[in-house]
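Before any comments, here is the structure.
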Amino acid sequence: MKTLSFKNGDKIPALGLGTWKSKPGEVRKAVYWAIEAGYRHIDCAAIYQNEKEVGQGISDALSDGLVKRSELFVTSKLWNDCHRHEDVKPALEKSLENLRLDYLDLYLVHWPVSFKHGVTFATHREEFYTYQDVPLTQTWEAMQEQKGTGLAKHIGVSNFNQTKLREILAMKGEAPEMNQVEMHPFLPQLSLVNFCKENGILMTAYSPLGSPDSRAERHKNDPVLLSNPLVEEIAEKYGVNPGVILIAWSLHRDIAVIPKSVNRDRIFSNFEASRIQLREEDMLELRDLGISHRFIDGSFFTGPHSPYKQSDLWD
């Protein structure tokens, strides 16, 4: 399994299992199957509301001797209602309790958006905090403190653009060690990738298959990445399904990638991406697909009742 290295030499397996939208009753087995297949990186978040089952799956695998805790890399994320300094540690401790773990390998600030404590999804202006109320620097100070306690070995962010990253980088102390964002051939994030590499920030790609389970009414006309003719053509050349090619695309770029699945066969087949070596000609063709599309646009945080704008999320 390919790994990426943090500045202190710790390594993160480049291929992990994503658990966003994995339903209760399914994700426990999915985590177990992933570990059985060889995955050593599990990505989760408090807002996914399935951390208890993720923890059960990890516990099952540990109990059955499939893996040791030291061999696993587990990521979770701080939700938007816990950005105040005093709310960060309790949120982390709650995730650890649900996951049945003593520490996280990586803890991320999920979005650069802040809600009042106890608000799951803000829909009215009074449910939001602004950057003046709760600066990102306040949240990042608390994140650094949690790394200092050992509850999180590494800390980072998710869905942060270059402007927000610069704000954190200008602080004293530790820089973000990871930025997790949507990334795939329709959204290669070239400028952000270059910025993160220049500043020693690793990256993780979420929705690497083009978020195929987000085909709600509002997204019914979105382009379908998995059935793109070029992706299908390259997949046929390598004798794998298109999803494997899309995962291998991120791995080839030295970017961690976390495809989600609760299907045992698909979990195992996705793992084949770790063995695929794409040729440069394939990477160039995928770079020049000619389609640009963001599936997770963050509009649920930037509506008419929100103090946030799209420019707070994306460059």
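Just give me the residues in segment 62-100 being in a loop (DSSP other than H, G, I, E, B) and either charged (D, E, K, R) or within 23 Å of THR139 (Cβ to Cβ) (or both), in sequence order. Before the answer, list the steps.
In the first step, residues of segment 62-100 are kept if they are in a loop (DSSP other than H, G, I, E, B); the result is 64-68, 72, 79, 83-84, 100.
ASP64, LYS68, TRP79, HIS83, ARG84, ARG100 - these are the residues of segment 62-100 that are in a loop (DSSP other than H, G, I, E, B) and either charged (D, E, K, R) or within 23 Å of THR139 (Cβ to Cβ) (or both).
Among the listed residues SER311, SER306, SER250, SER292, which satisfies the condition of being open to solvent by 30 Å² or more (accessible area, probe 1.4 Å), in contact with a strand residue (DSSP E or B) (Cβ under 9 Å, 6 or more places away or on another chain) and either assigned to a loop (DSSP other than H, G, I, E, B) or among the small types (Gly, Ala, Ser) (or both)?
Numbers: SER311 fails: in contact with a strand residue (DSSP E or B) (Cβ under 9 Å, 6 or more places away or on another chain); SER306 fails: open to solvent by 30 Å² or more (accessible area, probe 1.4 Å); SER250 fails: open to solvent by 30 Å² or more (accessible area, probe 1.4 Å).
Exactly one residue qualifies, and that residue is SER292.
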**OP:** Would you check if there is a residue in segment 116-130 being open to solvent by 10 Å² or more (accessible area, probe 1.4 Å), under 18 Å from ASN179 (Cα atoms), in a loop (DSSP other than H, G, I, E, B) and in contact with a helix residue (DSSP H, G or I) (Cβ under 6 Å, 6 or more places away or on another chain)?
**Re:** no
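Report yes if ASN194 is of a type in the set (S, T, N, Q), free of Cβ contacts under 8 Å to residues at least 60 places away in the same chain and either touching a helix residue (DSSP H, G or I) at 6+ places or on another chain (Cβ under 8 Å) or over 30 Å from LEU226 (Cα atoms) (or both), otherwise no. It would help to see each step written out before you state the result.
Values: of a type in the set (S, T, N, Q): yes; free of Cβ contacts under 8 Å to residues at least 60 places away in the same chain: yes; either touching a helix residue (DSSP H, G or I) at 6+ places or on another chain (Cβ under 8 Å) or over 30 Å from LEU226 (Cα atoms) (or both): no.
No, not satisfied.
Based on this model, can you work out whether SER299 counts as open to solvent by 30 Å² or more (accessible area, probe 1.4 Å), in contact with a strand residue (DSSP E or B) (Cβ under 6 Å, 6 or more places away or on another chain) and of a type in the set (Ser, Thr, Tyr)? Outline the logic, then answer.
Working: open to solvent by 30 Å² or more (accessible area, probe 1.4 Å): yes; in contact with a strand residue (DSSP E or B) (Cβ under 6 Å, 6 or more places away or on another chain): no; of a type in the set (Ser, Thr, Tyr): yes.
So SER299 fails the test.
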Original post:
ALA256 passes all but one of (1) out of contact with any helix residue (DSSP H, G or I) (no Cβ under 8 Å at 6 or more places or on another chain); (2) under 30 Å from PRO135 (Cβ atoms); which number fails?
Top reply: (1)
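Out of all the residues in segment 202-220, is one or more more than 18 Å from PHE295 (Cβ to Cβ) and under 18 Å from the mean Cα position of the chain (by Cα)? Outline the logic, then answer.
Of the residues in segment 202-220, the ones more than 18 Å from PHE295 (Cβ to Cβ) are 202.
Going one step further and asking which of them are under 18 Å from the mean Cα position of the chain (by Cα), we end up with 202.
Yes: segment 202-220 contains one or more residues that are more than 18 Å from PHE295 (Cβ to Cβ) and under 18 Å from the mean Cα position of the chain (by Cα).
The values are calculated or read from the model by the stated rules, or taken from the named source; none is laboratory data. A quick note: this is a predicted structure, and the numbers were derived from the prediction, not measured. A quick note on method: Cβ atoms are made from the backbone with ideal geometry, for glycine too, and the neighbour counts reach across all protein chains shown. With ligands, DNA and RNA removed, areas are computed over all heavy atoms of the protein, side chains included. Shrake-Rupley method; radii C 1.70, N 1.55, O 1.52, S 1.80 Å.
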